[in-house]
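Down below is the structure, laid out as structure tokens.
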Amino acid sequence: MVTGGAGFIGSHLVERLLEDGHQVICYDNLDDWYSGKRKNIARRLENPEFEIKENSILDIDALRSSLEDVDTVFHEAAQPGIPVSVKNPLKTFTVNVNGTLNVLLASLDAGVRKVVYASSSSVYGNGVPRPTPEDCETRPISPYGISKLVTEGLCRAIREMHGLRIVAMRYFTVFGPRQRPDMAIRKFADLMSSGKPAVIFGDGEQTRDFTFISDVVDANILAMERSSADGEMINIGRGNSITVNEVVAKLREHFPDAPGPVYEGIKKEDVDHTLADNSKARKLLGWEPKVSFDDGLREFVDWFRSSRP
Ligand SMILES: NC(=O)c1ccc[n+]([C@@H]2O[C@H](COP(=O)([O-])OP(=O)(O)OC[C@H]3O[C@@H](n4cnc5c(N)ncnc54)[C@H](O)[C@@H]3O)[C@@H](O)[C@H]2O)c1
């Protein structure tokens, strides 16, 4: 089962699992926070090995009945996004914390073999060493980051109390085709493709460890197949960061008619820098990121162009 399987990351995971010959349940309430999710999974609906359960993770009974005979749960469903967590922290906490608790408890009841949980680099906050190892102090600065840290704690407690096998993957800014419309690269492309300037918050010298979607999917598959990472929190990041200014400069090569960026005030809830120490993922999962930022950006732009009217 992929919870949130109609979203950006979940829909790619669904696709790979089907390609690999698995039966897949997509459990997703197609939350209307942004549109286009039905399109993300439209082609899968013809596949007899695919089933969609259009339900909320806040409904534990629906989860329990959907989880019968499920081997692995990839738990991607969430209210993602840092700004939205500042505007509506209650929704972020309800979906991310209560919803995850439901997924864990229902998985336990149903005898699920393993849960692979989508956590985030947002658990770290500012002032951590770079590259950032998993065992450094976590001081999230946004309600979103806090919700992800709380759920990691729930994962740990449920594993220790009940023995459920859980791996928490701390994704670093994921990008690629079907990227969420609220995320920076997609927002820049939306503006620049229509001849408007990208809007950068702050001076643009903040850095992000952008990680391509297929590498994130690889990490999930490895976490399902191998037991060496069970019970662990693992960074899934390319281990290479670039500035937001550089991102916009690279996008301008694809959208040469776009004007230069404009700058607005910094957002306090955004961390300054992210950079993963990915040695644990390499060691325990045998994972290695394969897609460079430039190649990933090209794939993103190809998708972006083809998906527009
Ligand atoms: N995209 C990133 O860069 C990134 C980075 C770190 C962590 N994550 C985490 O990865 C996961 C997937 O992120 P994404 O970028 O694909 O987001 P997304 O919004 O595209 O996908 C989330 C999916 O969850 C579904 N959902 C929301 N509330 C639900 C509910 N109550 N019940 C059932 N389904 C519900 C949505 O409809 C959506 O399809 C999230 O847990 C997110 O916090 C993402």
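Throughout, read-outs are computed from the coordinates displayed, never taken from laboratory work. Given the structure is predicted, the values throughout are model-derived calculations rather than measurements. For neighbour counting, all protein chains shown are included, and Cβ atoms are generated from backbone atoms with ideal geometry for every residue, glycine included.
Some observations on this one:
- Considering region 121-134, and only residues there that are touching a helix residue (DSSP H, G or I) at 6+ places or on another chain (Cβ under 9 Å) and part of a loop (DSSP other than H, G, I, E, B), the residue that is surrounded by the fewest Cβ atoms within 10 Å (Cβ to Cβ) turns out to be 133.
- Scanning region 123-142 for residues that are polar (S, T, N, Q) and in contact (Cβ under 8 Å) with a residue 60 or more places away in the chain gives 126, 132, 142.
- Residue ID - nearest to the ligand (Cβ to nearest atom), chosen from residues in region 96-122 that are hydrophobic (A, V, I, L, M, F, W, C) and within 30 Å of residue 241 (Cα to Cα): 118
- Checked against (1) of a type outside the set (Lys, Arg); (2) within 16 Å of the ligand (Cβ to nearest atom); (3) not in a loop (DSSP other than H, G, I, E, B), residue 160 passes all but condition (2).
- Taking every residue in region 175-194 that is touching a residue at least 12 places away in the same chain (Cβ under 8 Å) and among the aliphatic types (A, V, I, L, M) and pairing it with any residue that is surrounded by 22 or more Cβ atoms within 10 Å (Cβ to Cβ) and not in a helix (DSSP H, G or I), at least 6 positions away or on another chain, the pairs with Cβ-Cβ distances below 6 Å are 185/175; 191/198; 192/198.
- Inter-residue pairs, beta-carbon under 6 Å, first more than 17 Å from residue 217 (Cα to Cα) and in region 18-30, second within 12 Å of the ligand (Cβ to nearest atom) and among the small types (Gly, Ala, Ser), 6+ apart: 27/66; 28/4; 28/5; 28/6; 29/56; 30/6
- Leading residue by the ranking (farthest from residue 305 (Cα to Cα)) among those in region 163-195 that are aliphatic (A, V, I, L, M) and near the ligand (Cβ under 7 Å from one of its atoms): 174
- Within region 75-92, the presence of a residue that is crowded, with 17+ Cβ neighbours inside 10 Å, under 22 Å from residue 230 (Cβ atoms) and either more than 12 Å from the ligand (Cβ to nearest atom) or free of Cβ contacts under 8 Å to residues at least 60 places away in the same chain (or both) is excluded.
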